Amino acid sequence: MQTTKLKLFFPIAIILAICIASCAKQPKEENYIPTENAFTTDAHYIDPENSLLSEGFEVCDENFILQYYNPERATYSKGKNGLRNFILSNYKNKNYTDSGYLNIRFVINCKGEAGRYVIHENDLNLTPKTFTKDLKDQLFELTTQLKKWNPNFTHDMYRDSYMYISYRIENGNITEIIP
Amino acid sequence: METSQKLFLSICLLILVCSCEDESKIKAQSMACFEYGMSHYQGTQESINAFAKAVEYDPTHAESWRELSIPFLKRGMPSLWKKYMDKAVELDPITWQGYRGYNYLWFYRDYKSAIADFDAIDSLTPNFTDAPQGHSVDFWRGIAYLGLKDYENSIAYFDKHIQKEIDESGEDWVEHEAFLYRGIAHYEAGNDEKALKSINTLLKYNSNFADAKYYKALILSKSCEKTLHNLHFDAMLRSSTMYAEELKQKLEKEKKAALLILNEAIENFKTGYSDQRPYVETIRQLYLEDYQFLKAKLESMD
């Protein structure tokens, strides 16, 4: 009788232990990565191999590129007004009918130089689209003419940072320059 | 036989208990991923993957979708921001629709979409004024309508917001920007008197606000322009040296008052007491050159 009870006790105990263990299990480090469509880089990463005007452009610390907004802000040397005036006075709407956001992301290095440009094209509902090539080329060219930037400064040193300029375009006209 | 039945039933019971706990287990795993994501710098691979894993475990966890969206908002990658932010709003509109409106307002200057979200959240919570990012939807709508240059609606929402704050807490509790932007809306709508009234109310509570003093000087500069116009045309037409002298004195007095407040504004600006926002420039943001331009204009009025 005693032996039968023991025989029953062990399977139940094992099953119970398995259940408790599986219920209490927390994800391990490797489980913080989704099984599908995992991100292979940081959100902001710009690959020098797959970006425009990256040849000859050097960053000061490949492993420490800040965002433009932290902590001291990387800014255009002639300020936002200077940037806006330069773009708006040189941009020509050549009867474009495009609307959307033409965003150009790039890196400002610790010397205040710009390089590694990538372009994101979206319509006004923020859905990917393609802008008229001439409009895109023109705005890209103008953006790359913004040469001198004030680099980010932190921990007693000038630092590299990621920057972006977003052109809100309505019927070929620039209606906002963000940020 | 009886023992086998007991064993069978026990196993069934255990399986049932474990399967009942599956859902809470998934939620716990999702939360663990969320917390792991929050413990890393925003936008890093570790962080965004953890939030993506969190929603893989629990696709209903709106906050993880929202966290996943933010790095792309701040980095100028709109389609990814929208993809994830829309999920958060779909799952929990009461919490996130006003916040999405705030994003549309500042990061995309998409005033119409911002207003649509502020209106929607207002309808979702009747008899309650939502305050995404610490300000009421009425305050945000006031700004959005100012962005659209729809001054009537802008002023109406600022009036509503300010009155509610006054009724509930007192005029000294109202955000200074509410008075400033209402003043700007009045000024741009051509109503200098009301603009000045709103600006003066602001200055009563914050005498160091550079933007407020700039607009006050700007309104005063319009009086200077009017006097200058009279001096150049009316006085000449009347050929009255006495009248011209009178106008000259008036102009000097007005100029002096405008320059006094503008110089104070420049000092305030230089010490950081000006309207600005993190990440993006604020609406109608003023820079040092704007103050200097107005100063040069005033000084050239002779």
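For a quick check of your reading of the model, give me the residue pairs whose first member lies in the stretch A:148-175 and is free of Cβ contacts under 8 Å to residues at least 24 places away in the same chain, whose second is part of a strand (DSSP E or B), with beta-carbon atoms closer than 9 Å and at least 6 apart or on different chains.
A:Thr175/A:Tyr167; A:Thr175/A:Arg168; A:Thr175/A:Ile169
Does at least one position in the stretch B:86-99 carry a residue that is under 23 Å from the mean Cα position of the chain (by Cα) and outside any helix (DSSP H, G or I)?
yes
Given the condition surrounded by 19 or more Cβ atoms within 10 Å (Cβ to Cβ) and not β-branched (Val, Ile, Thr), answer yes or no: does some residue in the stretch B:231-242 qualify? Break it down stepwise before answering.
Pass one, the stretch B:231-242, residues surrounded by 19 or more Cβ atoms within 10 Å (Cβ to Cβ): B:231.
Within this subset, residues satisfying the condition of being not β-branched (Val, Ile, Thr) are B:231.
Looking through the stretch B:231-242, at least one residue is surrounded by 19 or more Cβ atoms within 10 Å (Cβ to Cβ) and not β-branched (Val, Ile, Thr).
Scan the stretch B:203-226 for residues that are over 20 Å from B:His186 (Cα atoms) and buried (at least 22 other Cβ atoms within 10 Å of the Cβ) and jot them down. Steps first, answer last, please.
Narrowing the stretch B:203-226 to residues over 20 Å from B:His186 (Cα atoms): B:207-208.
Hits for the stretch B:203-226: nothing passes.
Of the conditions (1) closer than 28 Å to B:Leu146 by Cβ; (2) surrounded by 12 or more Cβ atoms within 10 Å (Cβ to Cβ), B:Gly272 fails just one. Which one is it?
Failing condition for B:Gly272: (2).
Could you check how many residues of the stretch A:29-79 are more than 7 Å from chain B (Cβ to nearest Cβ), of a type in the set (Gly, Ala, Ser) and either out of contact with any Pro (no Cβ under 6 Å at 6 or more places or on another chain) or not in a loop (DSSP other than H, G, I, E, B) (or both)?
The number of residues fulfilling the criteria is 3.
Take A:Ile104 and decide whether it is outside any loop (DSSP other than H, G, I, E, B) and within 11 Å of chain B (Cβ to nearest Cβ). Full working, then the answer.
Values: outside any loop (DSSP other than H, G, I, E, B): yes; within 11 Å of chain B (Cβ to nearest Cβ): yes.
Answer is yes for this residue.
Being at pLDDT below 95, under 30 Å from B:Ser154 (Cβ atoms) and more than 27 Å from the chain's Cα centre (by Cα) is true for just one of B:Ser223, B:Ser240. Which residue is that?
On the way: B:Ser240 fails: under 30 Å from B:Ser154 (Cβ atoms).
Being at pLDDT below 95, under 30 Å from B:Ser154 (Cβ atoms) and more than 27 Å from the chain's Cα centre (by Cα) holds for just one of B:Ser223, B:Ser240, which is B:Ser223.
Here is a list: B:Lys226, B:Lys222. Which entry is assigned to a helix (DSSP H, G or I), within 20 Å of B:Tyr291 (Cα to Cα) and away from every other protein chain (no Cβ under 14 Å)? Working first, answer last.
Working: B:Lys226 fails: within 20 Å of B:Tyr291 (Cα to Cα).
Selected residue: B:Lys222, the only one of B:Lys226, B:Lys222 that is assigned to a helix (DSSP H, G or I), within 20 Å of B:Tyr291 (Cα to Cα) and away from every other protein chain (no Cβ under 14 Å).
For the stretch B:58-76, which positions are free of Cβ contacts under 8 Å to residues at least 40 places away in the same chain and facing chain A (nearest Cβ under 8 Å)?
Pass one, the stretch B:58-76, residues free of Cβ contacts under 8 Å to residues at least 40 places away in the same chain: B:58-73, B:75-76.
Matches in the stretch B:58-76: B:Pro71, B:Phe72, B:Arg75, B:Gly76.
Could you list all residues from the stretch A:108-154 that are surrounded by 15 or more Cβ atoms within 10 Å (Cβ to Cβ) and within 17 Å of A:Lys78 (Cβ to Cβ)?
The answer is A:Ile108, A:Gly112, A:Glu113, A:Ala114, A:Leu142, A:Thr143, A:Thr144, A:Leu146, A:Trp149, A:Asn150, A:Pro151.
Would you check which residues across the stretch B:132-173 are touching a residue at least 24 places away in the same chain (Cβ under 8 Å) and part of a loop (DSSP other than H, G, I, E, B) and list them?
Residues satisfying the conditions are B:His135, B:Ser136, B:Leu148, B:Lys149.
Would you mind finding the one in B:Asp117, B:Asp122, B:Asp92 that is touching a helix residue (DSSP H, G or I) at 6+ places or on another chain (Cβ under 6 Å), at pLDDT 95 or above, surrounded by fewer than 23 Cβ atoms within 10 Å (Cβ to Cβ) and more than 8 Å from chain A (Cβ to nearest Cβ)? Steps first, answer last, please.
On the way: B:Asp117 fails: surrounded by fewer than 23 Cβ atoms within 10 Å (Cβ to Cβ); B:Asp122 fails: at pLDDT 95 or above.
Among B:Asp117, B:Asp122, B:Asp92, only B:Asp92 is touching a helix residue (DSSP H, G or I) at 6+ places or on another chain (Cβ under 6 Å), at pLDDT 95 or above, surrounded by fewer than 23 Cβ atoms within 10 Å (Cβ to Cβ) and more than 8 Å from chain A (Cβ to nearest Cβ).
Which of the following residues is farther than 29 Å from B:Glu56 by Cβ, surrounded by 12 or more Cβ atoms within 10 Å (Cβ to Cβ) and in contact with a Lys or Arg (Cβ under 6 Å, 6 or more places away or on another chain): A:Leu88, A:Leu66, A:Leu53? Steps first, please.
Numbers: A:Leu88 fails: in contact with a Lys or Arg (Cβ under 6 Å, 6 or more places away or on another chain); A:Leu53 fails: in contact with a Lys or Arg (Cβ under 6 Å, 6 or more places away or on another chain).
Residue meeting the stated conditions: A:Leu66.
Restricting to the stretch B:273-302, name every residue that is of a type in the set (S, T, N, Q) and not in a loop (DSSP other than H, G, I, E, B).
Just the residues of the stretch B:273-302 that are of a type in the set (S, T, N, Q), to begin with: B:274, B:276, B:282, B:285, B:292, B:300.
Residue satisfying the conditions is B:Gln292 alone.
Of the conditions (1) more than 16 Å from the chain's Cα centre (by Cα); (2) assigned to a helix (DSSP H, G or I); (3) farther than 26 Å from B:Asn206 by Cβ, B:Phe128 clears all except one; give me its number.
Status for B:Phe128: all satisfied but (2).
What is the number of the single condition among (1) modelled with pLDDT of 95 or more; (2) in contact with a strand residue (DSSP E or B) (Cβ under 9 Å, 6 or more places away or on another chain); (3) under 30 Å from B:Ala54 (Cβ atoms) that A:Pro71 does not meet?
For A:Pro71, the failing item is (1).
Conditions tested, residue by residue: (1) crowded, with 19+ Cβ neighbours inside 10 Å; (2) among the small types (Gly, Ala, Ser); (3) under 28 Å from A:Arg105 (Cα atoms).
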{"site": "B:Glu23", "(1), (2), (3)": "no, no, no"}
{"site": "B:Gly37", "(1), (2), (3)": "yes, yes, yes"}
{"site": "B:Ser47", "(1), (2), (3)": "yes, yes, yes"}
{"site": "B:Tyr57", "(1), (2), (3)": "yes, no, no"}
{"site": "B:Arg66", "(1), (2), (3)": "yes, no, yes"}
{"site": "B:Pro78", "(1), (2), (3)": "yes, no, yes"}
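Do the conditions hold for B:Ala32, that is, is it modelled with pLDDT of 95 or more and either more than 10 Å from chain A (Cβ to nearest Cβ) or more than 25 Å from A:Tyr162 (Cβ to Cβ) (or both)? Before the answer, list the steps.
Numbers: modelled with pLDDT of 95 or more: yes; either more than 10 Å from chain A (Cβ to nearest Cβ) or more than 25 Å from A:Tyr162 (Cβ to Cβ) (or both): yes.
Yes: the conditions hold for B:Ala32.
If you scan the stretch B:174-202, which residues turn out to be in a loop (DSSP other than H, G, I, E, B) and crowded, with 19+ Cβ neighbours inside 10 Å?
Quick first cut of the stretch B:174-202, residues in a loop (DSSP other than H, G, I, E, B) only: B:174-175, B:189-191.
Within the stretch B:174-202, B:Val174 is the sole residue that qualifies.
The values are calculated or read from the model by the stated rules, or taken from the named source; none is laboratory data. Keep in mind the model is a prediction, meaning the values are calculated, not measured. Note: ideal-geometry Cβ built from the backbone for every residue, glycine included; neighbour counts use all protein chains shown.
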